1. How would HIS106, HIS199 line up from fewest to most surrounding beta-carbon atoms within 10 angstrom?
2. Among all the lysines, which ones have a C-alpha under 29 Å from LYS228's C-alpha, if same-chain residues fewer than 8 places away are not counted?
3. How far apart, in nm, are the 7 Å Cα→Cβ label points at GLU134 and GLU289?
4. Which net charge results for the neighbourhood of GLU221, defined as the other residues with beta-carbon distances under 13 angstrom from its beta-carbon, given Lys and Arg at +1 and Asp and Glu at -1?
5. Per 0.36 nm of contour for each residue apart, how much would the distance between LYS217 and GLU305 grow if the chain were fully extended, relative to their Cα-Cα spacing?
6. Distance cut-off 20 Å, Cα to Cα: go down the list LYS169/LYS300; LYS169/LYS286; LYS79/LYS300; LYS79/LYS320 and report the pairs above it.
7. Could you list VAL27, VAL232 in order of exposure, starting from the residue whose Cβ has the fewest other Cβ atoms within 10 Å?
8. With unit charges on the beta carbons (Lys and Arg positive, Asp and Glu negative) and the dipole taken about the Cα centre of the range 192-307, which residue among ASN193, SER290, THR302 sits farthest to the positive side?
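What follows is calculated from the coordinates using simple rules that are stated; it is not laboratory data. Note that the structure is a prediction, hence the values are computed from the model and not measured. Methodologically, a virtual Cβ is constructed for each residue, glycine included, from the backbone with ideal geometry; neighbour enumeration extends over all protein chains shown.
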Amino acid sequence: MNCLLVILGYQMYVGVMEIIVFLLGGVALGFFIHFFLVSRKTMALNIPRPEPPIIADAAFQNTDEWRVKYYEEMEVQEKIQMQLRRDLDMVRDNEELLTIEVEELHKELKRRHDPPAPQPAIHQGGSQEEQSEEYLFRLQKTQESLAEQNQQITLLLDQIELLKQTEYKHIDTIKANEELNARLNEMLTVLSNKDARIHELEQHQLLTEEMEERMQKAYEEFNSIREKLSKVESLSNPPSRQYELEELQQNHFKLIREFDEYKQKHLDLLEENQRLSGLLLDTEEKLRESNFQRLQLQKKITFLEELNRDLQQISEHNKKLENQLRRMSEIEVMLARVQGKSGGKSSEGPPE
């Protein structure tokens, strides 16, 4: 059934199929304008400032707080990923439904342009009214589905923007990991220097122990010699050997002083060894903490790589959506051409 429209004083005869084509063209045009504006806004957005590195100097002191924040962020990322997957499945279902509806409309358009079989004039008016009502109902369903599709695409664009921000965070995490690796290399260098120093101290300690043993032996020998001298002096004390006895006493005092000096040096070396041992234990503790944090960062990097792969899949799906939209635009062009042909035929012989 043809609908008579009066626009600005001009009379035009427009069919139901032309109304459907006009509405589809208007919805598609509105979607493209909205997509263009949203893409311009997203391109005009400045790159967000990089967040402070996750690994800072306070991380070595507050490891428990850092772990809690890391696990919370992992849970948030998992929830976002699950929501995006659900939205992606919903968009795919809507895309399939829209594809089926477009194919049905295309078939209906072909059927409308085929020459209809001659029917009695009595049943023609009723069938055309039923067809027009059916077309209007389909048109309303198509318009509602296109509006829902527009909302889904807007939501998907917002989620893509959120994923871009997540990617920026991933870049900041990589930078923090590089800084941590540099710091770990510095700590390993310091630790190797400390190991070399400890090795030198161990050798020095061995030499000190060996010197102490020799001094102990010399002291024992000196005591034995002194006892022998005392015995000899008790047996005979000639005046000729008085000078030798005094010389031996002086040598004895000299050896005692040297022994005391070596003993003091030995005590100093023992204190230095204890101090370096404590420093080595502290360095090993810091190294264990650094290894633990490095393992946590590796897990986070693995999670972000999986998220990056999901983003690549979403971008591929977006490309598929763009191809589908391009196909819809081609179908609209074909419909416009068919409409132009039908308009030419109606202008040649309009009904009176």
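1. Numbers: HIS106 13, HIS199 10.
So the residues, fewest neighbours to most, are HIS199, HIS106.
2. LYS217, LYS254, LYS263
3. Result: 7.7 nm between the two label points.
4. On the way: positive: ARG214, LYS217, ARG226, LYS228; negative: GLU213, GLU220, GLU227.
Computed value for this residue: +1.
5. Working: separation 88, 0.36 × 88 = 31.68 nm, distance 6.92 nm.
Here the segment from LYS217 to GLU305 would lengthen by 24.8 nm.
6. Working: LYS169/LYS300 11 Å; LYS169/LYS286 26 Å; LYS79/LYS300 16 Å; LYS79/LYS320 25 Å.
Beyond 20 Å between Cα atoms: LYS169/LYS286; LYS79/LYS320.
7. Exposure proxy ranking, most exposed first: VAL232, VAL27.
8. The residue sitting farthest along the positive end of the dipole is THR302.
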